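Let me begin by presenting the structure, written as structure tokens, before commenting on it.
The values are calculated or read from the model by the stated rules, or taken from the named source; none is laboratory data. Model, not experiment: these values are computed from the prediction. Neighbour counts are summed over all protein chains in view; Cβ atoms, including those assigned to glycine, are modelled from backbone coordinates with ideal geometry. Note: areas computed on protein heavy atoms with side chains; ligands, DNA, RNA excluded. Shrake-Rupley method; radii C 1.70, N 1.55, O 1.52, S 1.80 Å.
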Amino acid sequence: MNYSTVNILDLSDEMVLTILNKLNNIDVLYSFIGVNRKLDRLARDITFTQSIDLATISSNEHDDSRNESRLDRFCFDIIPRIQDNIECLTLDPLSTDRVLSIGSYSKLHKLTLVNFQLEMASRIFNDGSSFNIFKHKISHLTITINDGSTAQYIRKSSTNVLTNILTMFTNLTYLHFCLKDICHYPPTSFIDLVSTTCYPSNIIHLNVRVRNFNDCLCLLDGRLYQLQTFIVEVDKINTTSMTINHSRILSNLKCFSLTSYRRTCNYDNQIVPLLRQMSQLEKLTLSLIVRGRISFIDGNHLVNHILNLEIVTGYFTNNAARANCSKLTRIIFDSPPMIYSENFHLYFPLLYCK
């Protein structure tokens, strides 16, 4: 049998790019940047340089010295050559300070920070930090906190960090502030900050974990008036005297997810009145443990008590309401199988329930 060999350098650019696209872009950059003129040029293609995840360096290797060596190469040789192509960065505590100090990253708008402790998060998210050069650039921010400190420290620090983020990034439209499972006591609280904190009004998507239902209501007090997606995990849904009178923000919501793993008896007097104000809702997720009710929370309950369908639709004659209801595509209930009335199906033809 005859075998033939082909030098990769003899292949066309299109064929080489097809091969490289089968590889992880971090491996492509690490292996081919600086090798020779052709491979260097192809490796710097926007396909491989638009989104950079350096957190994979430490997650895939258990050898700290090798991790440092790989990160050194990225910081000294690779990122300075491609920084103007980078739009999305994923960093961990090992890489954040070094990578963000390399340049201005003219196209950077999406930042993901993983496995941060609150001490480091507090340091980088403050007015005196070098991180300030990105405060007008970042529109999408995801930060994952993994901290085993005391509950009191976590409560205070996480609240300060989240508040600093909201005030620091003036063009932020997407924020996911994630507390890992190690933080058993959801600490973030806005109650003491509600009168003093100015949030960027252009946030559209917010995913956050808070301490109680008051904190949830504080985030719906009118300052985030462009909010369309609100995903919130609440430690305790308690009785509150707070009321939401800002119909503007609630009527703008298109996606609302409420999760709580503690039992609550405040479903009917706290949650239902809130949901009734969300007139433009297209997706609703409720994951709750409700006690003290004599009936299930099912599809008929949604129609009769949350959407109040007869009133909203003018007893099934309002065409505008029918058009809005027809856009609702998904509702998730933690309850037994649901039986729907004929009117429910007429007004929600696209609804998928599980």
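Which percent of the accessible area of the range 58-131 is formed by carbon and sulfur heavy atoms (probe 1.4 angstrom)?
On the way: 1560 of 3610 Å².
The nonpolar share, carbon plus sulfur, comes to 43 percent.
Probe radius 1.4 Å, ligands and nucleic acids left out: which of Ser129, Ser69, Ser58 has the largest accessible area, and how do the rest follow? Before the final figure, lay out the partial values.
Details: Ser129 20, Ser69 65, Ser58 40 Å².
Ranked list, largest accessible area first: Ser69, Ser58, Ser129.
Can you compute 3J(HN,Hα) from phi for each residue in the range 86-100, using the Karplus curve 6.51 cos²θ - 1.76 cosθ + 1.60 with θ = phi - 60°, rounded to whole Hz and x for Gly and Pro?
Per residue, the Karplus-derived 3J(HN,Hα) values read 6, 10, 10, 10, 10, 10, 10, x, 5, 9, 4, 4, 5, 5, 6 Hz.
With every protein chain in place, what's the accessible area of Cys75 (1.4 Å probe, Å², nearest 10)?
Here the accessible area works out near 10 Å².
Whole number in Å², please: accessible area per residue of the range 1-145, 1.4 Å probe, ligands, DNA and RNA not counted. Kindly include the intermediate steps, with their values, before the conclusion.
Details: 7700 Å² over 145 residues.
I get 53 Å² per residue for this part.
Out of all Cα-Cα pairs in the range 97-142, roughly what percent, to the nearest whole number, are more than 11 Å apart? Write down the numbers at each step before the final one.
Numbers: 740 of 1035 pairs.
Value for the range 97-142: 71 percent of Cα pairs lie more than 11 Å apart.
In nanometres, what is the gap between the two model label sites at Gln277 and Tyr153, each 7 Å from Cα along Cα-to-Cβ?
Spacing of the two 7 Å Cα→Cβ label points: 3.8 nm.
Round to a whole number: what % of the accessible area of the range 1-43 belongs to carbon and sulfur, probe 1.4 Å?
On the way: 1610 of 3040 Å².
Within the range 1-43, the accessible surface is 53 percent carbon and sulfur.
Ordering Asp40, Asp13 by how much accessible area each has at a 1.4 Å probe, largest first, what is the list? Can you show the working numbers first?
Numbers: Asp40 15, Asp13 45 Å².
Ranked list, largest accessible area first: Asp13, Asp40.
At R0 = 35 Å, how high is the FRET efficiency between Asp77 and Thr170 if r is their beta carbon distance? Nearest 0.05 is fine. Intermediate results must be reported in sequence, preceding the final value.
Numbers: r = 33 Å, r/R0 = 0.95.
Calculated transfer efficiency: 0.55.
In the full protein assembly as shown, how much of His205 is accessible to a 1.4 Å probe, in Å² to the nearest 10?
40
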